[in-house]
Every structure is written in C-alpha cells, then in structure tokens.
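Down below is the structure, laid out as structure tokens.
The numbers here are math on the coordinates, done by the rules we state, and not lab data. All values derive from a computational prediction rather than experimental measurement. Cβ placement follows ideal geometry from the backbone for every residue including glycine, while neighbour counts extend to all protein chains displayed.
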Amino acid sequence: MTAKIISGKELSQAIKADINKKVNLLAKKFRAPCLAVILVGEDLASQVYVRNKVKACEGCGITSILEKLPEETPEEILLEKIEQFNNDDSIDGILVQLPLPKHISESKVIEQISVKKDVDGFSLENVGALCTGMPGFKACTPYGVMKMLESTAINLTGKHALIIGRSNIVGKPMALMLLEKNATVTIAHSKTVNLAELGRDADILVAAVGKANFVKKDMVKPGAIVIDVGINRGTDGKLCGDVDFEEVKEVAGYITPVPGGVGPMTITMLLQNTLEAAELKSIKEQGN
Ligand code: NAD
C-alpha cells in the first residue's frame, strides 16, 4: 500500500485564497486586518519563521508590523511594547515569536497579550476556552492539523488518535481538538513505555516529538492517517519530519510530507485567526 499524501502546501493555498477574499471584503467595509509580529534577538530559525509569516500576510492582503528588538531587551520593555500594541486599535493580532531569550519569561509575555489579539492561541484564557468548548483562538499548528484531517473527509468519531508529544503548543491542544471531534485520544510522551503498541492501535497518529525519522513503520497501523508535525534536520542536512516518510508511506493510508505538510498550514491558520480577530473587531465597532 502507498499512502495518499495530504499536501499542506496545496490545502493552505486553497484556504489562503478564501482568506484573501474575506480580507478584501473586510477592507471595503472596515479595514484590512493587521498583525503585529515581535521578534526578540537574532535566532536564525526565528528570523526565517517571522519572515515567512510577514510574507504570508502580504500574500493575503493582511497588513503586518514587524518589531525587531535586540537580544538584551529587558522583559519590562517587551511587556510595554505589547501593551502599546494591545491599546492600538489598528492592530488585530499580536504574535511574539518564541523562543525568547532566557532572561524573559515566556508565560508572562503570553499573558500580557490581550486575549482578543492572541492569534497564536497560547494564553490561559484561550487554552481554557478550547478545554471547555467555548469560542476562542485555537493554537495554529493543531488547528492546521484539524483542517488537514477534515480534508480527508474521514469521520473522526470513535477513531483512536495517538498524539506523540505533550507540549503546550502542539500535543495538548491537539488532544483537545481531536477530543472535540469525538476521537478517543491517547497522549504519549518521553516516559511512555509501550509506544509502538499504542501506535499499532491508532487510526490517527500525530507525531510532535522533534526527533528525525522517529516514527517507523512497525509503530503504524495499516491504513492509519499519519500526521507529521516535526521539523528536524536529517543527517544529510535536509529538512525532515518525525516520521520516517519512506517506510511509513508503505503502511499508512494517509501521510503528510515534510516540508510541505503541517508547516504551511500553521502559518495559514495564523492568518485565519488574524482575519477572525479583525472580523470580530469590525462587528464590535460597526455592528456588521
Ligand atoms: P517539545 O520539545 O516541546 O515536545 C516534544 C515532546 O515529545 C515532549 O512532550 C516529549 O515528552 C515528547 N518526546 C520526546 N521524546 C520522546 C520519546 N522517545 N517518545 C515519546 N515522546 C517523546 O516540542 P514541540 O514544540 O511540541 O515540537 C515538536 C516538533 O514539532 C519539533 O520538531 C518542532 O520543531 C515541530 N513543530 C512544528 C511546527 C510546524 O508548524 N510544523 C510547529 C510547532 C512545532
């Protein structure tokens, strides 16, 4: 068996075309949505991520503001900058690129962002909303994964989903989103003992581990949907995921590639959240 590829690249283009239409409509009756991105320090990967986010905004007609702060920026200055953006009515979404330099508390920074502008969906209030089935911004990576699953048109009700990884930004919100769609969810992590066995029982396997080619074919149920969140450098220096794509594609029913899989979807859902933030603001200010 060779798995069907769920292309995040193609799906994200379709979603972005829809976002672009909605952005144009909103720009006519209100204004274009605006995302403020804050980058602290010189981390190379972060610079690339931020550049891609700003470029994606441009592609969809979303305005963006890029605030670059030096590595040694004191925490109070960053918190003040966020407060300034919170109070700026022309800004709909605020994103602080993680990781932050060691002297800055990530949780303080996340909580400083107004919940209405928290388009990354990391704040306690948005996580709480997800947990209790209330409206709020959803974390972009798992939100993108849900769109990929939706694109298969497979009903998730009663399916066993195994998520490998329990981080606050991927694993845990992923579990909650799958639960919301009536999947039976297992979360595995570094202390899990029977991982391969759990994998062989999973109809859906989401790998968010951060280890190149970690998921092998003996961990996958034949026909399963395998979603690869990982972004790693292989021994050959090339980008690769957490799933050994070449061997797992022979067993799985569906599989996502790296690159061109979850990565583009993450950015697209950030645009979606920014659009929604602006739409909510338009309704509040103009009643439509
Ligand atoms: P993290 O380091 O916070 O979490 C990794 C998780 O893997 C932990 O919960 C840990 O318990 C688990 N783990 C580690 N070793 C394990 C093992 N042997 N068996 C089972 N579980 C194990 O990482 P993260 O932020 O969740 O990111 C995970 C991966 O996803 C990374 O490669 C990251 O770069 C990537 N990522 C990609 C996107 C995207 O847009 N595609 C977004 C976020 C993260």
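Side notes on the structure shown:
- Whole-number D in µm² s⁻¹ for region 245-288, Kirkwood Cα-pair radius fed into Stokes-Einstein, 37 °C, 0.692 mPa s: 250 µm²/s
- Degrees between helix 140-151 axis and first principal axis of the chain (Cα, 0 to 90, nearest 10): 50 degrees
- The rule of thumb for compact globular proteins, 2.2 N^0.38 Å, goes into the C-alpha radius of gyration of region 1-94 1.35 times.
- Cα-based shape type of region 86-199, given that a ≥ b ≥ c are square roots of the gyration tensor eigenvalues and the cut on a/c is 1.5: oblate
- Classified by the C-alpha gyration tensor, the chain has a prolate form. Its axis ratio a/c, with a ≥ b ≥ c, is 1.5 or above, and a/b is larger than b/c.
- Segment residue 190-residue 232, length gained on full extension (0.36 nm per residue, minus Cα span): 13.4 nm
- Of the cross-linked pairs 53/138; 9/221; 138/249; 16/159; 55/181, those separated by over 22 Å at the C-alpha level are 9/221; 138/249; 16/159; 55/181.
- 0 to 90° range, to nearest 10: angle between helix 171-180 axis and the chain longest Cα axis: 80 degrees
- Simple rule: put +1 on each Lys or Arg Cβ and -1 on each Asp or Glu Cβ in region 78-130, find the dipole, and look at 85, 99, 128; the Cα lying farthest toward the positive end is 99.
- The amide H of residue 227, built 1.01 Å from its N in the peptide plane, has 205, 206, 207 as neighbours under 5 Å, considering only residues 5 or more places off or on other chains.
- Footprinting exposure proxy for 30, 137 (fewest neighbouring C-beta atoms within 10 Å first): 30, 137
- Taking Cα centre as origin and charging only the Cβ of basic (Lys, Arg, +1) and acidic (Asp, Glu, -1) residues, the dipole magnitude of region 134-275 rounds to 340 debye.
- Degrees separating the helix 262-286 axis from the principal Cα axis of the chain, which is the longest one: 40 degrees
- Fewest-first ranking of 66, 78, using other Cβ atoms within 10 Å as the exposure measure: 66, 78
- Fraction of beta bridges assigned by DSSP in the chain that are antiparallel (%, nearest 5): 5 percent
- In this structure the amide hydrogen of residue 215, modeled in the peptide plane, comes within under 5 Å of the amide hydrogens of 243, 244, none closer than 5 places in sequence on its chain.
- Paramagnetic reach from residue 4 (point 7 Å along Cα→Cβ, amide N under 14 Å) across region 223-249: 223-226
- Separation between Cα centres of region 137-199 and region 26-85, rounded to whole Å: 29 Å
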